[in-house]
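Shown next, in structure tokens, is the structure this report addresses.
The values are calculated or read from the model by the stated rules, or taken from the named source; none is laboratory data. Owing to the predicted nature of the structure, the values given are computational and were not obtained by experimental measurement. Virtual Cβ from ideal backbone geometry, glycine too; neighbours counted across all protein chains shown. Heavy atoms of the whole protein, side chains included, go into the accessibility calculation; ligands, DNA and RNA do not. Shrake-Rupley method; radii C 1.70, N 1.55, O 1.52, S 1.80 Å.
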Amino acid sequence: MTGQGRAYEVAAQEVVPAPREPEDVLGDVARAVLGPGAHQVVDLLDVLEGVPRTEVDVVRAGDDLLPRLAHENALDRALRLARAALRPGGLLVAAVPELERLRRLRPTAPPPRVSGRGEQRQVTVQLWDWDSDGDSYGLEVVQLVRGRGTWEVATAVSTRHRVLTAEQVADLLADAGFVAVQRLAPAESGHPLPVWVAVAPR
């Protein structure tokens with residue numbers, strides 16, 4: 001831009017969007033399938049507690065929930081309840097880690113996940129404890145928050161999980177009565193884990 005013979009340059013600043021929370025990404029996937037508009041979304045844990053009293057549009061299952069239910073031998077029932085809670089054409093959207101290839105290596109932890117900025121930063125650390133057969137593992141999730149000049153443990157949760165293959169997830173969803181089952185890779189969904197989308201039959 002010029003004015004009175006002098007040149008002025010406007011420096012463009014790169015705007016870095018805040019990282020999307022995994023739960024938000026699951027909602028984005030549901031909206032991409034169902035189309036715009038208001039959709040009633042509930043978590044699978046709410047379904048298990050009998051919270052939705054009417055049919056809903058979307059049942060959402062976050063990180064590690066399906067493997068935890070599988071370890072508790074409760075996944076078959078949970079998926080059937082999810083299908084029953086959905087209106088015809090409604091969606092189950094679930095993020096499921098695929099750790100089958102890690103059975104031989106049995107790593108002790110993935111990289112930590114950082115969210116927020118400045119003093120609002122939070123760090124989530126996962127610690128894995130594999131069973132001898134490699135079919136299941138203990139998971140401890142520790143969340144750190146900024147304290148006064150140091151990091152403090154905000155929460156620590158321990159659970160156990162079963163390793164689920166993509167074939168097992170597809171079979172479980174089909175056995176629960178879902179149709180049009182589809183697996184989205186992280187590059188397709190924007191979620192750090194593979195995301196499964198399954199439709200309640202009309």
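Somewhere in segment 189-202, is a residue farther than 21 Å from Glu98 by Cα, in contact with a strand residue (DSSP E or B) (Cβ under 6 Å, 6 or more places away or on another chain) and open to solvent by 70 Å² or more (accessible area, probe 1.4 Å)?
Taking every residue of segment 189-202 in turn, at least one turns out to be farther than 21 Å from Glu98 by Cα, in contact with a strand residue (DSSP E or B) (Cβ under 6 Å, 6 or more places away or on another chain) and open to solvent by 70 Å² or more (accessible area, probe 1.4 Å).
Give me the helices (runs of 4 or more DSSP H) completely within segment 22-82, filtered to those with at least 2 residues that are open to solvent by less than 30 Å² (accessible area, probe 1.4 Å) and out of contact with any helix residue (DSSP H, G or I) (no Cβ under 9 Å at 6 or more places or on another chain), ordered by residue number.
22-34
Identify the residue in segment 121-144 that is touching a residue at least 24 places away in the same chain (Cβ under 8 Å) and part of a strand (DSSP E or B) and, among all such residues, is surrounded by the most Cβ atoms within 10 Å (Cβ to Cβ).
Tyr137
Of the residues that sit in segment 106-120 and are in a loop (DSSP other than H, G, I, E, B) and over 30 Å from Gly134 (Cα atoms), which one is most open to solvent (accessible area, probe 1.4 Å)?
Of everything passing the filter in segment 106-120, Arg117 is most open to solvent (accessible area, probe 1.4 Å).
Please verify whether Gln182 is open to solvent by less than 80 Å² (accessible area, probe 1.4 Å), on the phi < 0 side of the Ramachandran plot, within 18 Å of the chain's Cα centre (by Cα) and not aliphatic (A, V, I, L, M), treating the condition exactly as stated.
Taking the combined requirement at face value, the residue does not satisfy it.
Does Arg148 qualify as being within 17 Å of Asp63 (Cα to Cα) and either of a type in the set (D, E, K, R) or part of a strand (DSSP E or B) (or both)?
For Arg148, the condition - within 17 Å of Asp63 (Cα to Cα) and either of a type in the set (D, E, K, R) or part of a strand (DSSP E or B) (or both) - is not met.
Give the residue, chosen from Leu193, Leu173, that is in contact with an Asp or Glu (Cβ under 8 Å, 6 or more places away or on another chain), closer than 30 Å to Arg31 by Cα and not in a strand (DSSP E or B).
Checking each option against the conditions leaves just Leu193.
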